[in-house]
1. Between GLN106 and VAL143, take the C-beta separation as r, use R0 = 30 Å, and let me know the FRET efficiency to the nearest 0.05.
2. May I ask what percent, to the nearest 5, of DSSP beta bridges between residues of the chain are antiparallel?
3. Based on the Cβ-Cβ distance from ARG159 to LEU89, what FRET efficiency comes out when R0 is 25 Å, to the nearest 0.05?
4. I'd like to know how the chain sits against the 2.2 N^0.38 Å rule of thumb: what's its Cα Rg over that expected value?
5. Would you mind computing, in nm to one decimal, how far apart the modelled labels at GLN61 and LYS113 are, each placed 7 Å from Cα along Cα→Cβ?
6. Please name which of ALA50, VAL156, THR36 has its Cα lying farthest along the dipole of the chain towards the positive end, using unit charges on Cβ (Lys, Arg +1; Asp, Glu -1) and the Cα centre as origin.
7. At 222 nm, what helix-only mean residue ellipticity would the chain give, in deg cm²/dmol to the nearest 500, using -39500 (n - 2.57) for each DSSP H run of four or more?
8. Keeping every protein chain present and rolling a 1.4 Å probe, give me the accessible area per residue for the chain in Å².
Amino acid sequence: MDSVKRLVVTVLVAALASVASGQQAIILVRHAEKATDSNEPGVPLSEAGAARANRLAGMLQAAGITAVYATDTVRARKTAEPLAKSAGLEIRTYAPRNAEGKPAPQILIERLKKEEPRGVVFVVGHSNTVAELLAALGDPGKVEIPATQYDDLFVVVPRAGGPPSVVRLKY
């Protein structure tokens with residue numbers, strides 16, 4: 001089944017990217033399951049979360065990822081780590097909030113455009129930041145991710161002159 005999921009994601013990214021202008025695709029997930037209910041930055045992944053992160057890396061290994069971004073929390077970095085290692089990439093951290101504590105998705109989007117203008121970018125966020133990023137990318141849909149849900153994967157392909165193509169998958 002993993003090979004089927006890997007094939008579907010690869011074909012989907014390639015097909016959607018063929019209609020994109022600029023950035024090819026942004027693949028966005030919430031971090032995998034955490035070890036405790038705490039939202040402190042140092043909370044690690046649970047055993048199930050580590051297994052999910054490894055599954056995700058296997059699914060995306062042929063997607064042509066050019067950069068990996070994660071918030072500076074242990075759980076987000078550990079979710080991104082297996083994919084970054086398999087792709088030979090460094091994890092680039094970003095702040096989900098600005099200095100005043102307000103959501104800062106536009107700052108990340110501008111950074112992605114500057115650092116990876118033609119790339120396929122993988123971004124790890126949180127249940128309360130993934131929807132903000134999708135909205136800032138121009139997705140007209142309303143996304144809610146419950147605190148207990150860790151299996152959403154969004155493939156976002158920007159389009160010139162219109163909203164992006166967005167596909168929501170489960171993994």
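1. Given R0 = 30 Å and the Cβ-Cβ separation, E is 0.95.
2. Rounded to the nearest five, the antiparallel share is 50 percent.
3. About 0.45, to the nearest 0.05.
4. For the chain, the normalised Cα radius of gyration is 0.95.
5. Each label point is offset 7 Å from its Cα along the Cβ direction, giving 3.5 nm.
6. Among ALA50, VAL156, THR36, the one farthest towards the positive end of the dipole of the chain is VAL156.
7. When only DSSP H runs of four or more count, the value is -11500 deg cm²/dmol.
8. 48 Å²
The values are calculated or read from the model by the stated rules, or taken from the named source; none is laboratory data. Predicted, not measured: the structure shown is a model, and the values here were computed from it. Positions of Cβ are backbone-derived with ideal geometry, glycine not excepted, and every protein chain shown enters the neighbour counts. Just so you know, the surface numbers come from the protein's heavy atoms only, side chains and all, with ligands and any DNA or RNA stripped out. Shrake-Rupley method; radii C 1.70, N 1.55, O 1.52, S 1.80 Å.
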